[in-house]
Every structure is written in structure tokens, then in C-alpha cells.
Amino acid sequence: MSALPDLVPPSLAVLRRNDLGAYTRPSPRLYPHQWNWDSAFIALALAYLDWPRAEREVDSLLAGQWTNGMLPHIHYNPATAGYFPGPEWWPAVPVRRAGERTSGITHPPVLPTAVYWAGRAQPDLRVRHAWWDRLYEPLRDGLRFFVAQRTVPGSPLVVLAHPWESGLDNNPRWDFVTRQGLRPSRPYARHDTGVVSAAERPRAADYDAYLYLVELIAGHRYDLRSFLPHTPFAVYDALQNAIWYRAALDLNRITAELGRPPEWSADELRGFRDAYHRMLWDDGAGLFLDFDLKAGRPIRVHTIAGLGAIYAGLVDAAQAARMYRGYRDRCGGGRLLPTVPPDQPEYEPARYWRGPVWVNTNWFVVRGLEDLGLGGDARSLADATVDLVRQGGWCEYFNPSTGEGIGGGDFSWTAALTIDLLLRPAAPA
Ligand code: 2M8
């Protein structure tokens, strides 16, 4: 590829520095193992620049798949230390390939969408189709897992079992559980706050609750039906559900190109869409909200997760424009899009998922706006995102008030999605 945009080579250099051969670590000192949605974003970028390496990234992630189809949120590298919690917190995981070590929870299923777009970047149709053909079953099983194992009678929406499964770990939507004073039975020592300032990471009470839930889930052999009566945390996450729906659509796009019948019928998709609107839409907020299954009520916290429906095409262009512009206009001239609007009492501009701008959440919105024909909005958000990286570097997240890059350095998905935004520019209006 000639004349690459200026930020592409240094972004690729970040991925190269984090390349551990079979997979790319999210960040050098903070996250040494393979994370699920991180690798989906990374594979998408590699597809433009190093196709065989993109294939390897996905293969390595799929090597951690479970017998029930679940793709765990972490695929551990036994040769690497320096992360807490390690695989010893997740005993007896039912992996397909004996000996693999993984976590016992999943992550937002970005992978089918990334594989769809990565395949589209492969101009040789034989290579593209052979790859999709090879990945089809594991991707399908990964999505069907949510239907078979993570739904409850009466609704097609998928249930989130741990804040880490959302990928937005300490987002204020989950404060209702971290406020309960839950603690694990074992003492533990965190690794993250030795790498990054504690002021930019989840608090001690958050970690206590995370590990309490890890013990509970592992104690019930990772089976939602077994731990549901006992857990304080079971929610319909507006973003996780939107990502699942988008992945289902993209798997159907793959089957269409392969000349196969669709995996999801129009009826199934319509049922999901109706349930999503019925359960999660909040007219006053102008956003979708999450739903606490245990309390039987919506979680009334406004965050960027409420825009997930735009990425999924779960709303039409008019509703998407209202949601997006409403959210943007609440942000008071700061950098876009904070993960929590500054008018929310929980907003903290430098603390992880409680306010900072993240490149992946912006990317979801950009790609959704673009698909809905809102090219002007998509383009300006894409430009604002790339400008943040240009000014703040390849950081994990950015302070919306100052634009400063914070959290872990050399962060892989910041680099990967910068590459995607530059090499697949959002279409103008
Ligand atoms: C963060 O999550 C991990 C736990 O999975 C952590 O805090 O240690 C989140 O930002 C998550 O979305 C991300 O996938 C992971 C690795 O980048 O880090």
C-alpha cells in the first residue's frame, strides 16, 4: 500500500512492539495476556497491513474457546506473569483444547464484526472466503453461546454476569454492585496500580466486588442458571446487547457472501430488536439504559453505552442523530465522546471508564453513524478521535477536559482503530 496516512506507520509500530508472536498484548506493562475484544480490533487493523498476522491473531483467540462455544475474555499466556488475577482464579475451565488457560467469563462479541470487515479488506476473494469458511463455526458457536447460556426465559436479550464482561469495568452503571461492600474470601494484591496511577484506575471497592463475583461464578462452574439465584449482578447491558446484535447481522453478511442460508432469521432479529427497545429505551434520557434483572428495574445512569444501538443499527437515522447529537451537546466543548457525560454526578475525567474518552467507544459510534447515512457526524467524530491520538499519543484513554493521554501507554486498540479510521475513512455525508 503506497502513501499511507501519516499516523498509520507509527500506529502499526505500536502493534509490532506489542506483538508476542501468536497474539498482540493490549499494553506492555498493564495487560500481557490476550484479551478478547482487544484482539478483534487488532485483527481488523492487521488485515490491511499484514494479512497472515491478522489470521494468527484470531486463531490464537479462538484457541481459548470453550466446549459450550464461549470465547473467554482473557486467553492466558502461561509464559507471562505480571497480571492479576491470573488463571488460578478460574479453575477447571471447560476449554476445547486441553491445557489452554482462560478466564471464566466472556467479553463483548466484537469478533464476528471484525472478521467481517477484516475479510472485506482482503481483495483476493478465494482467500477471503476460505478464511470466513474456516472461522464460521467457531464464530457462530461464540454467538450462540449467548443465546443458549446467557438468556433467561421470556427474553432474547443477553445477560451480563460480571462488570469485566462489559469491557467498561468500572463504568458508573455498575456502582450499584460495587457499593454493596462485597469481598472475596481470599486476600489479594493488585498489579495495575503499580503500573498506572491509582487515580486513573478502579477503586479498591470495585476490585473487591469483581473478585467476589469471580469466586461466585467459578464456584458455580460458570453456569448462569446455577449462580443466577445467588449473584447480586445480572444485567442487560445496552452496549453488550447492541454488539451481539451487530455481530449477528455481520455473521449473516458472511453467510450471504458464502452463499449459505442465514444463521439468524428475520423473525429472530426482529424479536431481539423489539425486546431491546421495549426493555432498554428511556425517552427522558434520549438513550438506551441498562436493566438490573435482580432488582427488576432500569439502571438510571447515562453513559456512552446508551449509544450502542447506533453501532448496531438498532435505531433509524433520525433516532440515531437525536441520540448522538443530544449526547455530544451535553459534553460542554470538551473532547468527544466522554464515556460518561460531564453533567452526570459520577463523572471523573481521568478515572478509567468513568469519563475519559476511549477510542473504541468512539469507533462504535463512528461506524454506526456512517452505516445509517449520517456521514457528516461520523466524519467529524472520526477526525476528533484521530486528533486526540495525534496530540495525546497511543494512550489507553484521554482526559476529555484537556485531551491528555492517560492510563497505559502503547495501547494496542488505540493504534488499531486509528489505523482502521484512517484506512477506511468514514464516508462523507
Ligand atoms: C480492561 O479490563 C481488564 C480486565 O479484563 C483490567 O482492567 O485488568 C478493560 O478496559 C477491558 O475493556 C480491556 O479489554 C482490558 C485489556 O485492554 O482492560
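Take the range 337-424 with all the other protein chains still there, run a 1.4 Å probe, and you get 25 Å² of accessible area per residue. Remark: the Cα gyration tensor places the range 19-61 in the prolate category, a/c being 1.5 or greater and a/b exceeding b/c. Gain on full extension, evaluated as 0.36 nm per residue between residue 97 and residue 22 minus their Cα-Cα distance, stands at 25.4 nm.
Shape verdict for the range 6-82, please, from the Cα gyration tensor: rounded (a/c under 1.5), prolate (a/b greater than b/c) or oblate. Oblate.
Taking N as the number of residues in the chain, what value does Rg over Cα atoms divided by 2.2 N^0.38 Å take?
0.90
Each part gets one Cα centre, and for the range 185-220 versus the range 247-267 those centres are 39 Å apart.
The gain in end-to-end length when the residue 120 to residue 197 segment is fully stretched comes to 23.7 nm, 0.36 nm per residue minus the alpha carbon separation.
Using a Gaussian network model of the chain whose springs link C-alpha atoms within less than 10 Å, name the residue from 11, 265, 412 with the highest mean-square fluctuation. In the Gaussian network model the winner is 265. Shape class for the range 180-228: prolate, because the ratio a/c of the largest to smallest gyration tensor axis (alpha-carbon atoms, square roots of eigenvalues) is 1.5 or more and a/b beats b/c. Report the calculated FRET efficiency for residue 322 and residue 215 (r = Cβ-Cβ distance, R0 = 35 Å), to the nearest 0.05. The calculated FRET efficiency here is 0.25. Only Cα pairs under 8 Å and 6+ residues apart enter the sum, and on that basis the relative contact order of the chain stands at 17 percent.
The values are calculated or read from the model by the stated rules, or taken from the named source; none is laboratory data. Not measured: the values here are computed from a predicted model. Glycine gets a Cβ as well: all are built from the backbone with ideal geometry, and neighbour counts include every protein chain shown. When the accessible area is computed, the model is the full protein with side chains, heavy atoms only, and any ligands, DNA or RNA have been set aside. Shrake-Rupley method; radii C 1.70, N 1.55, O 1.52, S 1.80 Å.
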